[in-house]
Amino acid sequence: MDNIDQAKVAELQRESANAHALARNAYESAKTEADLNSAAIKQQAAARAYRSAVSAREAVLGI
């Protein structure tokens, strides 16, 4: 992670938060069980990406 700067990590965090919000909206508007499952998988993946971005940011900041 030494090569990742703080701005890039913050950008990744914002992007993953946006992806999570989009997946949440898709989950809430799902009409079928398949739509629900697909949205849930995307939401979980976005949440994992967000947590990874937070960890990366903490590492860059030395927290």
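What follows draws every value from the coordinates through simple rules; no lab data is involved. This one's a predicted model, so the numbers in the text were calculated from it and none came from an experiment. With ideal geometry, Cβ positions are generated from the backbone for all residues, glycine too; neighbour counts draw on all protein chains shown.
Numbers below:
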read-out: Loop trypsin sites (Lys or Arg not before Pro), the chain, which have at most 11 other Cβ atoms in a 10 Å radius of their Cβ (DSSP); value: LYS31
read-out: Nearest-ten-degree value, helix 6-28 long axis tilted from longest Cα axis of the chain; value: 10 degrees
read-out: With Cα atoms, 0 to 90° folded angle of helix 33-61 axis to the chain main axis; value: 10 degrees
read-out: Potential extension, VAL54-ASN25 segment - 0.36 nm per residue separation minus Cα distance; value: 8.2 nm
